[in-house]
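The structure appears below as structure tokens.
The values are calculated or read from the model by the stated rules, or taken from the named source; none is laboratory data. Remember, it's a predicted structure, so these values are computed and weren't measured experimentally. Virtual Cβ from ideal backbone geometry, glycine too; neighbours counted across all protein chains shown.
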Amino acid sequence: MRRLGSTRRRGRTHRLLAAGAACVAALAAAAVPAAAGAAAPARGGGAHWAEKDSGTPQVRFRGLAAVDRGTAWLAGTGGTVLRTTDGGASWRNVSPPGATDLQFRDVEAFDGRRAVVLAIGEGEASRVYRTDDGGTTWTESFRNTDPKAFYDCLTFFDHRHGLAMSDPVDGRFRILSTGDGGRSWRVLPSAGMPAALDGEAGFAASGQCLVTAGPKDVWLATGGAARARVLHSADRGLTWTAADTPVPAGDPAKGVFALAFRDRLHGLAVGGDYRPDQSSPRAAAVTADGGRTWRPVTTPPPAYRSGAAWLPHSRTAALAVGPTGTDLTADGGRTWRTVDTGSYDTVACAPDLSCWAAGEKGRVARLER
């Protein structure tokens, strides 16, 4: 029986790998010509973003959690949280009561019923809420009381253990920790955190400035200082090391905006200058040693990118998104090609090969082929 089960698992793995490869090929076939002003790709046989009507054109969604092809969560401006369980055909407004003045920038979902959302801002504007019933009710599990703190992102290692990060307080990034799925939080000691650079901070642009891979590894992206760095912890946020990246910095609008790791060694960093009138050359980097060193890529995305995600069951394919388009890499981040010119701020993929993207004016889409 064990042999039969092993054969079935191998068969499922091979099917997922084959499906992933087919998706990458379809995306590559839909690549947008490099010429300036190229139109979005035709919606023919290639993979493409299929927009779903969220019914909220006034909301900008920078928080996104992809559970599977049918279920996804969105978090955005005006204290808005939406959930779909039918692949985006309909969206239920499950916003926490009394949250209209909050700016939700991150959402982490364990399934269609359990999720944690982060509101950003100075002082008490930074809050965390959790739901266990699909957003019918919410519990506020953290409210920041330090006027010097500003929380940007949160992430989970598993259904219980997670972290949230704040911009530097008294010269060091501040880390919150939970061991009960976001029901309660505590500030971790700062002794193991390197000193922040002058002007260094995180970017609450896509919910991807703090990411995990495996049970204990976590990475934190920075910008705004003379150098754009990535900090890494291998013990769930107790101690950290910092590494410089080749992503341009030196301005409050520049740096690494999003990270994506497919395992504890291989990662991507994307960013640039978020100002629309500024170019963003060399705004991507890769690592193959868990973030100890970062290398520039051969052909980076052509403009600022705020979100990134590895395609599931692929060792080489990933997506990056931003206000001017979506880019695909099929070689582990070394070269990127534009595959869509629509505006998205964040992207996320689920183990069943489904990928979602979200952004301004209520935009949300699912990758289809």
query: Just a yes or no: is a residue in segment 289-309 at positive phi and hydrophobic (A, V, I, L, M, F, W, C)?
result: no
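Each row is one residue, and each column tells you yes or no for (1) buried (at least 21 other Cβ atoms within 10 Å of the Cβ); (2) touching a residue at least 12 places away in the same chain (Cβ under 8 Å); (3) under 21 Å from D106 (Cα atoms).
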site	(1), (2), (3)
P312	no, yes, yes
A318	yes, yes, yes
G332	no, yes, no
V347	yes, yes, yes
- request: State which residue pairs qualify: first residue surrounded by fewer than 20 Cβ atoms within 10 Å (Cβ to Cβ) and inside segment 188-211, second residue of a type in the set (S, T, N, Q) and part of a loop (DSSP other than H, G, I, E, B) in any location, beta carbons under 7 Å apart, and separation of 6 or more residues or different chains.
  value: G192/T239
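Suppose the filter is in contact with a Ser or Thr (Cβ under 7 Å, 6 or more places away or on another chain) and farther than 19 Å from A309 by Cβ; does T178 pass it?
Spelling it out, T178 is indeed in contact with a Ser or Thr (Cβ under 7 Å, 6 or more places away or on another chain) and farther than 19 Å from A309 by Cβ.
Residue by residue, here is whether (1) under 18 Å from A205 (Cβ atoms); (2) in a strand (DSSP E or B); (3) among the acidic types (D, E); (4) at pLDDT below 95 holds:
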| residue | (1), (2), (3), (4) |
| --- | --- |
| L259 | yes, yes, no, no |
| D263 | no, no, yes, no |
| G290 | no, no, no, no |
| P301 | yes, no, no, no |
| R305 | yes, no, no, no |
| A308 | yes, yes, no, no |
| H313 | no, no, no, yes |
task: Any chance you could count how many residues in segment 212-232 are surrounded by 16 or more Cβ atoms within 10 Å (Cβ to Cβ) and more than 18 Å from the chain's Cα centre (by Cα)?
output: 3
task: Check whether at least one residue in segment 269-282 is outside any loop (DSSP other than H, G, I, E, B), touching a residue at least 24 places away in the same chain (Cβ under 8 Å) and of a type in the set (A, V, I, L, M, F, W, C), and report yes or no.
output: yes
- request: Tell me, yes or no, whether segment 104-116 has at least one residue that is crowded, with 22+ Cβ neighbours inside 10 Å and acidic (D, E).
  value: yes
- line: Of the residues in segment 21-70, those that are more than 22 Å from T346 (Cβ to Cβ) and either touching a helix residue (DSSP H, G or I) at 6+ places or on another chain (Cβ under 7 Å) or modelled with pLDDT of 95 or more (or both) come to G46
- prompt: Which members of segment 132-161 meet the condition of being surrounded by 21 or more Cβ atoms within 10 Å (Cβ to Cβ) and of a type in the set (D, E, K, R)?
  reply: D152
field: Matching residues, segment 179-197, being over 17 Å from T239 (Cα atoms) and basic (K, R)
entry: R183
- request: Check whether at least one residue in segment 188-199 is in contact with a strand residue (DSSP E or B) (Cβ under 7 Å, 6 or more places away or on another chain), closer than 16 Å to R127 by Cα and in a loop (DSSP other than H, G, I, E, B), and report yes or no.
  value: no
